[in-house]
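Worksheet for the structure shown next.
What follows draws every value from the coordinates through simple rules; no lab data is involved. For clarity, every value in this text was computed on a predicted model and none was experimentally measured. Glycine also receives a Cβ, built like all others from the backbone with ideal geometry; neighbour counts cover every protein chain displayed.
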Amino acid sequence: MNLTYYHVAKDVPENSPDVAVVIDVLRATTTISWALKNGADSIQVFADLNLLKESAIKWQAEKRLMLGERGGKKIEGFDLGNSPLSVTKKVVNGKRLFMSTTNGTKSLQKVKNAKHLFAMGLPNRKAVAEKIISLKSENVLILGSGWEGSYSLEDSLAAGALASYLKQNCDFEIDIQNDELQSALALWDVWKNDILKCLKTATHGKRLTSLGDYEDDFKCCSELDCLDIVPAQVERGVIRAS
């Protein structure tokens, strides 16, 4: 299995991979994973806010929620922001979530043509890794979300965590294809015993801290292998639990 990692969407080649895994630790893919765990019917992701609103209005009001974040802050007029703590069972159960964030949803849109597309945070690292192993695909692309087109420490940490798990648990050869992923593996070795500190050290972690009290968000996003949910694209832009 060939593993490749790209820091941000603009770095990804145009050809569609067999398997793509999108990571946005702080916080989109963590929020997606928890929303599905708590009974959300599906999440439809958008880079464009106008398209999101046009799609959402077609759904019954009691069956939809709009989740939006820009610059770490909830978008005015939306039901929720981008916190995994907000997507409780009481709030999201049975509903379609229409979601747009600064970074994560752009990465999901970038690789929407992949044969298999999964969303991963640290809480569902093992679940996604085991799904990848079961597919036995030749090529797997891991894509971080970064921050407005630039590198993010926390996404690379999770990419390294995924690659490390695959290397340790696959019964077939894993070939690391680029320096970005080699660096991510090294990063994981450095921080794997203090994930929470890594997230707070990251530039985006500091950005969130400057906006308010996100301590519980940090704790939620730093938990490892506590969810058995595999968020998978079932049609372009639409993600459900698999």
Checklist line | Which listed pairs, of LYS192/LYS219; LYS37/LYS106; LYS37/LYS115; LYS73/LYS126, have C-alpha distances above 26 Å, in listed order | finding: LYS73/LYS126
Item checked: On Cα atoms only, tilt of 125-135 relative to the major axis of the chain in degrees -> 70 degrees
Item checked: Computed [θ] at 222 nm, helices only, for the chain once each DSSP H run of length n ≥ 4 contributes -39500 (n - 2.57) -> -11000 deg cm²/dmol
Item checked: Integer Hz, Karplus 6.51/-1.76/1.60 couplings in order for the stretch 143-158, x for Gly and Pro -> 10, x, 10, x, 9, 6, x, 10, 4, 10, 5, 5, 5, 5, 4, 5
Checklist line | With Cα atoms, 0 to 90° folded angle of helix 28-37 axis to the chain main axis | finding: 70 degrees
Note to self: List the residues, sorted by chain then number, that are 5 or more residues from ILE142 or on another chain and whose placed amide H is less than 5 Å from its amide H.
What the structure shows: THR4, TYR5, TYR6, VAL21
Next item on the list: Could you give the size of the charge dipole of the stretch 1-155 about its Cα centre, using +1 on the Cβ of each K and R and -1 on the Cβ of each D and E, expressed in debye and rounded to the nearest 20?
Entry: 540 debye
Next item on the list: Taking H placed 1.01 Å from N in the peptide plane, check which residues at least 5 places from VAL230 or on another chain put their amide H under 5 Å from its amide H.
Entry: SER242
Notebook entry, point to check: When THR209, THR102 are ordered from fewest to most other Cβ atoms inside 10 Å of their Cβ, what list results?
Noted result: THR209, THR102
Margin query: How large is the translational diffusion coefficient of the stretch 2-241 in µm² per second when you combine the Kirkwood radius over alpha carbon pairs with Stokes-Einstein at 37 °C and 0.692 mPa s?
Written below: 188 µm²/s
